[in-house]
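Report on the following structure.
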Amino acid sequence: MTDDTLIEGPLYEKCKKVYPQSVHGRLRRIKWTILCVTLGVYYLLPFVRWNRGPGLPSQAVLVDLPHRRFYFFFIELWPQEVYYFTGLLIIAAMALFLMNAVAGRLWCGYMCPQTVWTDLFYAVERWVEGDRRERMLGDKRYWSFGHIQKVVTKHFLWIMIAWWTGGAWVLYFADAPTLVKDLATFQAPFIAYLWIGILTATTYLFAGHAREQVCIYMCPWPRIQAALTDEWALNGTYRRDRGEPRMSVKKADAARILGDVAGDCVDCHQCINVCPTGVDIRHGIQLGCIQCGLCIDACDNVMREIGRPAGLIGYDTDINMQRRCEGKTPVYRVIRPRTLLYAAAIAMVGSIMLYALATRGTLDVNVLHERNPLFVQLSDGGIRNDYTVRLLNKGGQRSFALEVFGLPGAAIRVAGIEPGPDGKQIIEAGQDQTREIRMSVQVDPSHLPKTAADIEIRIIDVASGERASARDHFVPADI
């Protein structure tokens, strides 16, 4: 290529504003249903109550940062149980991969928060300013009083939605009714106002202004899912074998009368007009296509109006496109090794988490051997080892007996606690609390082990018999 053939132009294309048109149809109704359910759960869930007994929070879903607890209805998680969140992240990732293997960017088109909130903002925009044509004309006469009034109203409603979005988020971190009252009377902590402001600004920016730019340029998932999909995944597809060659309805009818080939696509651009990212689906799968299915509803409506079969645009696979061109019937394989693998991973991780939840106790203990010094030699020749024992009581007020196994002749002493009549050390722990104690294990000269001995430190609920244990070692003087 010579220098004469080089085409000079801008390095970056200027962003073109997208004016999505409203559409009615089966997929649009599904999207409205998902929007109402997901936003309803998000906004109202903090106000759902759950009775956990006296002294415990009554909010069904609560992230209690001051007390380091996470409550989800009947489930209570401690910081030491962070592995449950790891399991949830694995399940979420596998579910995302499974949706991609079945129907491409199904998450992006129907359940992604960016899609859901942008849909809500578009609905407000249409309600205030009108549909696609009215909004385009309004932007051309921007400085008219009527248009300015509509724009101000629209942005006010957007900010109110964004404000309540940020406000609902902070309600998950404190008792919702109490925090709402404190926010209204300006008695809430500054951190609550700060996060409401941050989330209000980001929601208003992303859903009201960035919109499709988030999906096309900011979100990494379109690039990742392209490497995970295969030829059997269902994607929003324009059937070129049926739609081409494009021509008007009259020309198509005349061509069919003469026996010539005429496609069903009438080049009405309705599939482009309803697309929230401005994609022309007739050019094939593109980075900007979020597989929301609105072009399918728009095209089906046009096909019904002109008396042609629906399905010119639909969820289909690359293989079926080729099979139709060859005159073969389409084949669908939703169940295949890829989807079975993802489903099995979800089932396995979910089963492990359910088993762990069903069998976990309300008691745990952690032991840390003192390092400086490792041992103390007593005046009678015996050896003492010191340990820091942390007891986790996930139940009510209880008493626990402390015992050591694996070291004959060992005597236990706990700083600040006198042994009971039977010589046992009884530890009191309050409801839903962690208690740390300093424990000494000493052995007389006649029972000293020759080498470091493995020991088991056990705590036993005096009332119920529930027990928990941790293993450590006892270091003699001559190791």
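The values are calculated or read from the model by the stated rules, or taken from the named source; none is laboratory data. As the structure is a prediction and not an experimental result, all values here were calculated from the model. For neighbour counting, all protein chains shown are included, and Cβ atoms are generated from backbone atoms with ideal geometry for every residue, glycine included. Accessible surface is based on the protein model in full, side chains and every heavy atom, while ligands, DNA and RNA are left aside. Shrake-Rupley method; radii C 1.70, N 1.55, O 1.52, S 1.80 Å.
Using a cutoff of 8 angstrom between alpha carbon atoms and counting only pairs six or more residues apart, the relative contact order for segment 259-384 works out to 12 percent. Helix 145-170 and the longest principal axis of the Cα set of the chain meet at an angle near 20°. Cross-link pairs exceeding 29 Å between alpha carbons, from the set LYS17/LYS150; LYS17/LYS250; LYS31/LYS150: LYS17/LYS250. The relative contact order of segment 220-278 comes to 28 percent, based on Cα pairs under 8 Å that sit 6 or more residues apart. Full extension of the chain segment joining HIS155 with HIS283 gains 42.6 nm, where the gain is 0.36 nm per residue of separation less the Cα-Cα distance. What's the angle, to the nearest 10 degrees (0 to 90), between helix 294-305's Cα axis and the longest principal axis of the chain? Between the helix axis and the principal axis of the chain, the angle is about 30 degrees. Placing +1 on the Cβ of every Lys and Arg and -1 on the Cβ of every Asp and Glu, with nothing else charged, gives the chain a dipole about its Cα centre of roughly 1800 debye.
Under the convention that each Lys and Arg Cβ holds +1 and each Asp and Glu Cβ holds -1, the size of the dipole of segment 224-341 around its Cα centre is about 240 debye. Considering only SER440, TRP158, TYR172, the residue lying farthest towards the positive end of the dipole of the chain is TRP158, judged by Cα position with unit charges set on Cβ. Given axes a ≥ b ≥ c from the Cα gyration tensor, I'd like to know whether segment 47-165 is rounded (a/c under 1.5), prolate (a/b larger than b/c) or oblate. Oblate, because a/c is 1.5 or more while a/b does not exceed b/c. Straight Cα distances below 17 angstrom link LYS16 to the lysines LYS140, with same-chain residues fewer than 8 positions distant left out.
Packing, taken as the mean count of other beta carbons within 10 Å per residue, orders the peptides 153-164, 29-40 from highest to lowest as 153-164, 29-40. Working ranking of peptides 362-375, 44-57 by packing, defined as the average number of other Cβ atoms within 10 Å per residue, highest first, is 362-375, 44-57. Centre-to-centre separation between the Cα atoms of segment 252-280 and those of segment 162-188: 51 Å. As a rough guide to protection, the peptides 136-148, 303-315, 14-26, 227-239 ranked by mean Cβ packing within 10 Å, highest first, stand as 227-239, 303-315, 14-26, 136-148. The length gained by stretching the chain between ARG336 and THR178 to full extension, at 0.36 nm per residue less their Cα-Cα distance, is 51.8 nm. Taking a ≥ b ≥ c as the square roots of the eigenvalues of the Cα gyration tensor, an a/c ratio of 1.5 or more together with a/b no larger than b/c marks segment 211-275 as oblate.
Remark: segment 271-335 carries a charge dipole of roughly 240 debye about the Cα centre, counting +1 on each Lys and Arg Cβ and -1 on each Asp and Glu Cβ. Within the full protein context, the accessible area of CYS299 is estimated at about 10 Å² for a probe radius of 1.4 Å.
In terms of Cα to Cα distance under 13 Å, which aspartates and glutamates are near enough to LYS251, apart from those fewer than 8 places away along the same chain? Candidates past the 8-residue exclusion: ASP260, ASP264, ASP267.
Under the simplified labelling scheme, the PHE186-GLU428 pair shows an inter-label distance of 4.6 nm, with each label point 7 Å from Cα along Cα→Cβ.
For segment 411-470, a/c is not less than 1.5, where a ≥ b ≥ c are the root eigenvalues of the C-alpha gyration tensor, and a/b tops b/c. That puts it in the prolate class. Normalising the average separation of contacting C-alpha pairs (under 8 angstrom, six or more residues apart) by the number of residues puts the relative contact order of the chain at 13 percent. By the rule of a C-alpha distance below 29 Å, with chain neighbours fewer than 8 residues away ignored, the lysines paired with LYS181 are LYS154.
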